[in-house]
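> Here you go, one structure.
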Amino acid sequence: MADTMPSYIGRSVVRREDNRLLKGAGTFVGDMKLDGMLHVAIVRSQLAHARINAIDLDAARGVDGVALALAGADLKDVLPPISGMQVTAPKTWRDGMDPRIEIPDQTLVPHDKLRYVGEPYALVVASDRYIAEDAAELIEGDFETLPPVANAEAAVNADALVHDHLPGNIAATLHAKKGDGETALETAPRRLKRRYFHHRYAAMPMECRGVVAEYDSRTDSITVWSSTQVVHWVRREVANALDMPEERVRVVAPDVGGGFGGKGHVYPEDILVAYLAKRLGRPVKWLEDRHEHLLNAAHSRDNLFDIEVGFDDDGKISVVKNYFLVDSGAYSPVGAAIAGNSIAHFMGPYDIPHYESDCKVMMTNRTPNAPYRGAGRPEVAFAMERSIDLIANELELDPAEVRFRNMIQPEQMPYAVGLPYRDGVMIEYDSGDYPEALRKALDGVGGLDAFRKRQKKALAEGRYLGLGLGCYVEGTGIGPFEGATVKIDSSGKVMVATGACPQGQGHETAFAQVAADIWGVDIDDVVVTLADTSHVTMGYGTIASRSAVTASGAIQESSDKVKEKVFAIAANVLEASESDLELRDGSVGVKGVPEMSMTLKEVARAALPGWIHQRPEGIEAGLEGTAYYEPPTVTWAYAANAAIVEIDTQTGVVKIENYVEVHDAGTLINPAIADGQVKGGLVQGIGGGLFEELSYDEHGQLMTGSFMDYLLPTASDVPPINVIHSETPSPRNSFGFKGLGEGGAIAPPVVIANAVCDALKPFGAELNSTPVRAEDILNILDAGAAAAE
Amino acid sequence: MTASRTISVSINGEVLTGDAAPRMLLADFLRDVLGKTGTHVGCEHGVCGACTIIVDGVAARSCLMFAVQAEGADIKTVEGLADGDDLHPLQKLFSEHRALQCGYCTPGMLMTAIDLVESNSSLTTEDIKVGMSAALCRCTGYEGIIKAVTAYAEQVHGKPVRQESDNG
Amino acid sequence: MKPPPLDILSPSSLIEALALLSEHGDAARPLAGGQSLVPLLNFRLSRPEILIDLNRISDLAFIKDGGDHIAIGAMTRERTIEENELVRDQAPLLQEATTQIAHLPIRSRGTIGGSLANADPAAEYPAVALALEIELVTQSVRGERRIKAAAFFEDVLTTALEPDELLTEIIVPKAPPGSSSAFVEIARRHGDFALAGVAAQITFANNAPADVCLAVCGAGSTASRLTTAEEIILQDGVGVEAVKAASAAAAASVDPMSDLHASADYRRRLVGVMTTRALEKVVQRAAVTS
C-alpha cells in the first residue's frame, strides 16, 4: 500500500449508496419498466400435499389481456428441474461427515404432485398484474389430497412420502465425531439430557423477490434482473434450463432490498421468467407479493435437538452428543449445508474433547428451508448455550463461570476442533480471545457481581430481572472462491468488479475503500461494479458472511496482476527499475524522487495496444486483470452476548433492558457499516426470539401468511443495544478480515431464553424452545407458584 | 371491468395526469403510471409502511388508497425531498446516522418521520420510537433511524427531545 | 395481491351516497378510511362489485359541541379526533383510545365511523362506544335511526347496520364532572390489534364511585361491557381488594377466542390484568384532578 495516502480501511466512510437510495432514485427490480413488458401471476398450492389430476386453464386463457397461461404439464418436457445440489461439498468433507445425501431436484412447476402450500402449479402472463391475478383466480385444479407430512418428527415414521424415492422422508444424514463420545458419556460424573426446539422463521427482507427478463432475438441472448444474492448461480441455472451458453445470459441484481440469505439461491421463478421472456419475445416481470413471499420464499431454522452432555462437578464439559432433525420442508435448495454448519458450530468457543453428532435432514410438506442469517448456527448456539446454563443450575454455579471454565483460552490459538468444515478443511479457530469477549460483555451490562446484587434486591421487591449470556464462533469468508476484475482505463480510474451481490451491506463503499488502499488512490477514483455477470466471468455471490473476505481477496489478487503491468510499464517509461517504484496518490513514481512519476492515467495510455504504446517487451496491452480468490479456509469470527431482561409477571411480557454484544470480525473495513451489520442482525435475532414465527397447522397450512400474523420487530420493540467491536486480525488473509454479516442474528434467541430462565430461577424455569412466548412464561410462573404451595 | 379514468394529482408541487382503473392502488399509480418509483411497496396490506407518502399534509399508506381517491390531492413523495443535489435535512441525517442499509424502507421511513416530527412539537424519545414503529426496517435495527429522527425533531423545533414519556 | 375488479363511485353528498347504496344493494360496500377494507380487497377476501367512497362527503367529517355531548361525523379521521381539543377535554377516554389505534399514518385515513361499522372485536372504538354509551346515528333512504352502542355490535364484524344504511354520526356523551378515565391495552407489538384492552370511566362523588363504566375489547366475538366488575367497583370502591375482585370478575366474564397470537386462557388472564391497570390509572388520574 502507498505511504502517501490515508488508509481508507478502518474508516467510517459515508456510503456512496446513500445518495440515490435516500432520494428514492435507486433501481429495484420492481422499479423496472421495459417497453411491451408483460406481468406474471403465479398460481400456488393451497394444499400441503396433493396429487394433481388436472389443471384447467381455459377460463384463464379467455381473459382479455392474457398472453399465456401454463401449468406444470406444459413445462414438464421443456424446463429441467433445479438441481438439488446447488451447493456441493468437497470429498474431504464427505470423508469426515459420512454423509448420505439425496437432495431432490426441484421441478419448477410440478405437474404431478404438490408438496407445500405455496408451491407453484400454474402461471399466467398478462398485460398487467391485476389482469394476471384475475386470470389466475380462474384456473381450476382437480387435486387429490394426500396425507401431509406435517413436521420433521412426524416425517420419521410417516407412511406418507414427500418424495416417493426418499424412504423415511430422509434427504440427508450426516454424522460427525471427535474423540470417543460414547465412552466419555459413560464415564462422565454428571450428565445432562435435554430436548430443544428452534422454531421456523425467515429472512423477510422488506423487498420481496422479483425477476424481470428481456430476450434479444438478434443476439439470441437474454438479460435477467433478479433480486438475488447470487447472480452467477442464476446465470448458470438459466443457461442450463434454456440451453444457452452462459455468455448469452446476463444476470444483474440491481438495488436489492435486503436478502439475509433468503435470496441466496436459485428459485424456480428466476428461470421461469427468463423462459417466458424468451418464449414470448417480450420483457416479462414477476414480482413476489408479501403473501407469496411468506408462503414461498425459503423459510429457515426449524430444528429439533436431542442432546446429552457429560460434565464433572466443576462444570467442565467432557462430551457433547447430539441427535437432531432439520425440518427442511419439501426441498432443500442448499442441500445439507445448514446441517453441516450446525454440526461444525455446535461446540462454539468451548474446549470439549469428545463430540458426536448425528443429523437427519427431513423432507416435510412445508416451504423449503434454506440458509438465513446464521444458517444452522443460531440453532446449535441455542442448544449449547441453554445446556451450559442448565449445567450451571445443576451445580449452583454462575452461568458465566461455567462458560469461563470451558472456554478455549487465547494461548490455545490456533485451536484445532477436530472436525472438517464445509470446505473440507479441518477446522482450526484462527485467532481471538474468547474469555476476554465474555468479560467485556459482562462489563457492558454493568458487571456480573453488580448485576447479581441488583437482581437480588429486585427480587426482594417482587421484580424479576435476569441475565442471559450467549457465546458463539462463526466460520466466515467461506470459499470456494470469489472473482474480481480490476481495470484501469485511460480515464485513470480504478475499476473494480466482483461477483459480490450486496443487498444493503454497503459493498460499493467498502470495496472502494479496499481498492483505494490497494492502489493508493483517492476513493473517488475507484469505480465499483457489483452483481452483474457481464463484468466478472465467474463469481459466487454474497451469502454466508463471506464477501468482505472473499471479494477483497479477489480484488487484491486481480490488482496484483494489474500492478505488475503498471510497474513494468512505468519502469519502462520512467527509465527506472521496477523495484524503485512505488504507488503514491494515484501515480507511480520513483521512491524518494517526487518529480519522477507518472499518473495511473498516463500508465493506462502507455499500456494501450497500438503504434504508440510504451510497454516493455513481453507486457501485454491493457491494464486489466482477473483473479479468482480461493480462500485457504474460513476465518473465525466470534462474539459474546449479555442481556438483562425484566419479566412482567402479570402479563409474561419480556422487556429487554439492555443488550450487549462483543463482536470480533478481525480488521473492520468500515466500522460504521460493521456496526450496522451486527446491530441489524441482533434485532433480527430478537425478532426471532420473541415475535417471528412461521406457524403451520396439522394439515400443513401456513397460518402466518401476512404481516398481521408474521410479526417483525419494530422501532419500539428494540432495546438499547451496545456492540463492542474487538478487532483481532485473521492471519488467513493479508487484510486481517473476518466476515460479519450473519453474526448478530445468532445469539439473541438463546440469550433471551437464558435471561428469562435466570429471572425466573425462583420458579425453576426451563425454556427449551423458541420463540419465548409471554404465555409460556406465565405458565412457568403458575407452575412455580403451584409447586411452592 | 370498469373503465379507466384520468386522474390528476399534484406530486411534489407538479400536477401530473394519468389513467387508472378504479381498482388501481395509489401506490401502483404513482409507480407504474407516473413513474415515481421512489415510493416502494413492501406488503400491500398496510403494515410495513414502505409505501407511506404524504397526502394533503398527512402521512398515509399509498397501498391502502385507490388512485381515484387521490384525484385533486396534494401528494408529497420521497422524490420531492431533495432540492436537486441538495439533500433534505432529514436525508442528510439518515446518511449521517446510518439510518439506512438496503434503502428499500427508506422512502417510507422518511415520509413517516417528516409527518411525525412536523405535526408534533413536543415529541419525546418514546414518542419517536412509537411513531417510527409505523414502518418496518429489516436491515438497521432502527437505532440509526431513531437517532436521525430525533436529531431532525431537534432541528425543526429548536429544542432537545425529552427522554421521558409523557403518557400517564 | 391486487384488488379484484370493482367500480368506485364517489358521491359528494350523503343523499347521493344513500341513493347509491339503496340502488346497488348487496353489490356495494361503503368505503370509509379503507384501512381495514382495502387490505381485505388486496387479498381478494372481500369482493364487492362497487365501492361507494365516502371520502368526498365533507358533511360527514365534523366534531361539534352538542352541549351535553360531542357529535362526531362518521368520516372524521381518527387523527383529527386524537388532535381535537374538545375531544381531549370532554371525552378523554375516546382521545386516549384513539392514540392507541394502529399507527399515525393509519389514523391519518382511518375514520371513527369506519372502525365502529367494521366492528372488529379487537378494535378500540367499539369498547369505548360501549363504555361511554355512545349513540350511533344511521341514515338510509328510509330515514334515520339512533342505535345505542349496546345494541349495535352483534357479532364478529357484524353490526345492527342494514345493508342500505350508513353510519353517519356518533354521539359521544361528555365526561361528567368528577369523572376520570383510562384506556389500556396490550398487544404483541405497539400498534397491533389488542390481545386485550379495557376502557374505563368512573365518576366519583364524595370520593366514591358513583358511576362505573368498563368495557373490554379483544376478548370475545364483540367488545363487551364488564358489568359484574362495574358492580363490584360501584359497591366496594376502588381499593386494592375491590380492584382485584373486579379484575377477577372481568376475566371470568369474558369468552375469548384462541388464535395464533394468544390462547383464550391467556387473553382472559390479560383482561384481568388490563382491568386492574385501567382502574389503577383511573384512580391515579382522579387523585391528580381532584
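> Among the listed residues A:Leu70, A:Leu21, identify the single one that is within 30 Å of the chain's Cα centre (by Cα), surrounded by 15 or more Cβ atoms within 10 Å (Cβ to Cβ), modelled with pLDDT of 95 or more and of a type outside the set (Phe, Trp, Tyr).
Result of the check over A:Leu70, A:Leu21: A:Leu21.
> Still on this model: Any idea which residue in region C:219-247 is nearest to C:Leu116 (Cα to Cα), counting only those that are open to solvent by 60 Å² or more (accessible area, probe 1.4 Å) and over 22 Å from the mean Cα position of the chain (by Cα)?
Ranking the candidates gives C:Glu231 first.
> Going through A:Ala339, A:Ala330 one at a time, which residue ends up being closer than 30 Å to A:Ser83 by Cα and under 18 Å from the mean Cα position of the chain (by Cα)?
Answer to the selection: A:Ala339.
> Considering only region A:374-397, how many residues are open to solvent by 10 Å² or more (accessible area, probe 1.4 Å) and assigned to a loop (DSSP other than H, G, I, E, B)?
2
> How many residues are part of a loop (DSSP other than H, G, I, E, B) and either on the phi > 0 side of the Ramachandran plot or open to solvent by less than 10 Å² (accessible area, probe 1.4 Å) (or both) if we restrict to region A:653-667?
Residues meeting the conditions: 1.
The rows are residues; the columns are (1) free of Cβ contacts under 8 Å to residues at least 12 places away in the same chain; (2) away from every other protein chain (no Cβ under 14 Å).
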{"position": "A:Asp697", "(1), (2)": "yes, no"}
{"position": "A:Thr704", "(1), (2)": "no, no"}
{"position": "A:Pro719", "(1), (2)": "no, no"}
{"position": "A:Pro729", "(1), (2)": "no, yes"}
{"position": "A:Asn733", "(1), (2)": "no, yes"}
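> List the number of the failed condition for C:Val141; all other conditions in (1) more than 14 Å from the chain's Cα centre (by Cα); (2) open to solvent by less than 40 Å² (accessible area, probe 1.4 Å); (3) within 17 Å of C:Ile57 (Cβ to Cβ); (4) of a type in the set (A, V, I, L, M, F, W, C) hold.
(2)
> Please determine whether any residue of region A:190-202 is within 18 Å of A:Val380 (Cα to Cα) and within 14 Å of chain B (Cβ to nearest Cβ).
yes
> Looking at this structure, is A:His49 open to solvent by less than 10 Å² (accessible area, probe 1.4 Å), in contact (Cβ under 8 Å) with a residue 12 or more places away in the chain and not small (Gly, Ala, Ser)?
Judged against the criteria, A:His49 is a match.
> Only one residue in A:Asp709, A:Asp782 is surrounded by fewer than 21 Cβ atoms within 10 Å (Cβ to Cβ) and away from chain B (no Cβ under 14 Å). Which one?
After applying the criteria, what remains is A:Asp782.
> Can you tell me which residues in region A:608-646 are assigned to a strand (DSSP E or B), open to solvent by less than 40 Å² (accessible area, probe 1.4 Å) and under 30 Å from A:Val723 (Cα atoms)?
A:Thr635, A:Trp636, A:Ala637, A:Tyr638, A:Ala639, A:Ala640, A:Asn641, A:Ala642, A:Ala643, A:Ile644, A:Val645
> Return the only residue of C:Arg269, C:Arg189 being open to solvent by 20 Å² or more (accessible area, probe 1.4 Å) and closer than 28 Å to A:Val718 by Cα.
None of the other options fit; the residue is C:Arg269.
> Looking only at strands (runs of 3 or more DSSP E) that lie completely in region B:24-80, which have at least 2 residues being crowded, with 22+ Cβ neighbours inside 10 Å and either within 13 Å of chain A (Cβ to nearest Cβ) or in contact with a His (Cβ under 8 Å, 6 or more places away or on another chain) (or both)?
Strands (runs of 3 or more DSSP E) meeting the threshold: B:52-55.
> Are there helices (runs of 4 or more DSSP H) fully within region A:214-316 with at least 3 residues that are open to solvent by less than 20 Å² (accessible area, probe 1.4 Å) and either more than 14 Å from every other protein chain (Cβ to nearest Cβ) or touching a strand residue (DSSP E or B) at 6+ places or on another chain (Cβ under 6 Å) (or both)? List them.
A:231-242, A:268-280
> Oh, and also: Give, as residue ranges, the helices (runs of 4 or more DSSP H) completely inside region C:1-120 that count at least 1 residues that are more than 13 Å from chain B (Cβ to nearest Cβ), open to solvent by less than 10 Å² (accessible area, probe 1.4 Å) and closer than 30 Å to A:Asp134 by Cα.
C:14-24
> Sticking with this structure for a sec: Would you pick out the residues in region A:96-138 that are within 14 Å of another protein chain (Cβ to nearest Cβ) and hydrophobic (A, V, I, L, M, F, W, C)?
Hits for region A:96-138 are A:Val124, A:Ala126, A:Ile131, A:Ala132, A:Ala135, A:Ala136, A:Leu138.
> Criterion first (open to solvent by 10 Å² or more (accessible area, probe 1.4 Å) and either touching a residue at least 60 places away in the same chain (Cβ under 8 Å) or not assigned by TED's automatic domain parsing to the domain that holds A:Pro748 (or both)) does A:Asp423 satisfy it?
Spelling it out, A:Asp423 is indeed open to solvent by 10 Å² or more (accessible area, probe 1.4 Å) and either touching a residue at least 60 places away in the same chain (Cβ under 8 Å) or not assigned by TED's automatic domain parsing to the domain that holds A:Pro748 (or both).
> Which residue pairs have Cβ atoms closer than 7 Å, lie 6 or more positions apart in sequence or on different chains, and pair a first residue in region B:41-59 that is not assigned by TED's automatic domain parsing to the domain that holds B:Thr112 with a second residue that is of a type in the set (S, T, N, Q) and assigned to a loop (DSSP other than H, G, I, E, B)?
B:His45/A:Ser706; B:Gly46/C:Gln35; B:Cys51/B:Thr39; B:Ile53/B:Thr39; B:Ile53/B:Thr77; B:Val58/C:Ser108; B:Ala59/C:Ser108
> Residue under question is B:Asp86, and the condition is that it be more than 10 Å from chain A (Cβ to nearest Cβ), open to solvent by 20 Å² or more (accessible area, probe 1.4 Å) and without any contact (Cβ under 8 Å) to a residue 12 or more places away in the chain; does it hold?
Criteria met by B:Asp86.
> For region A:450-462, give me the residue count where each residue is open to solvent by 10 Å² or more (accessible area, probe 1.4 Å) and either in a helix (DSSP H, G or I) or in contact with a helix residue (DSSP H, G or I) (Cβ under 9 Å, 6 or more places away or on another chain) (or both).
Counting residues in region A:450-462 that are open to solvent by 10 Å² or more (accessible area, probe 1.4 Å) and either in a helix (DSSP H, G or I) or in contact with a helix residue (DSSP H, G or I) (Cβ under 9 Å, 6 or more places away or on another chain) (or both) gives 9.
> Residue by residue through region B:122-141, note down the ones that are in a helix (DSSP H, G or I), within 7 Å of another protein chain (Cβ to nearest Cβ) and over 15 Å from the mean Cα position of the chain (by Cα).
Matches in region B:122-141: B:Lys129, B:Val130.
> Looking only at helices (runs of 4 or more DSSP H) that fall completely inside region A:104-208, which ones have 2 or more residues that are of a type outside the set (Phe, Trp, Tyr), open to solvent by less than 30 Å² (accessible area, probe 1.4 Å) and closer than 18 Å to A:Ala330 by Cβ?
A:152-157
> When the residues of region A:510-533 are filtered to those that are in contact with a strand residue (DSSP E or B) (Cβ under 8 Å, 6 or more places away or on another chain) and either assigned to a loop (DSSP other than H, G, I, E, B) or among the β-branched types (Val, Ile, Thr) (or both), which remaining residue is most open to solvent (accessible area, probe 1.4 Å)?
Among them, the one singled out is A:Val527.
> Return the residue satisfying two criteria in turn: it lies in region A:588-605 and is over 17 Å from A:Lys561 (Cα atoms) and of a type in the set (Gly, Ala, Ser), and of such residues it is surrounded by the fewest Cβ atoms within 10 Å (Cβ to Cβ).
The qualifying residue surrounded by the fewest Cβ atoms within 10 Å (Cβ to Cβ) is A:Gly592.
> Of the numbered conditions (1) under 19 Å from C:Arg77 (Cα atoms); (2) crowded, with 24+ Cβ neighbours inside 10 Å, C:Thr168 satisfies every one except a single condition; which is it?
The single condition C:Thr168 does not satisfy is (2).
The values are calculated or read from the model by the stated rules, or taken from the named source; none is laboratory data. Here the structure is a predicted model, which is why all the values come from computation and not from measurement. All Cβ positions, even for glycine, are placed from backbone atoms using ideal geometry, and neighbour counts span all protein chains on display. To get the accessible areas, we keep the full protein, side chains included, count just its heavy atoms, and leave off ligands, DNA and RNA. Shrake-Rupley method; radii C 1.70, N 1.55, O 1.52, S 1.80 Å.
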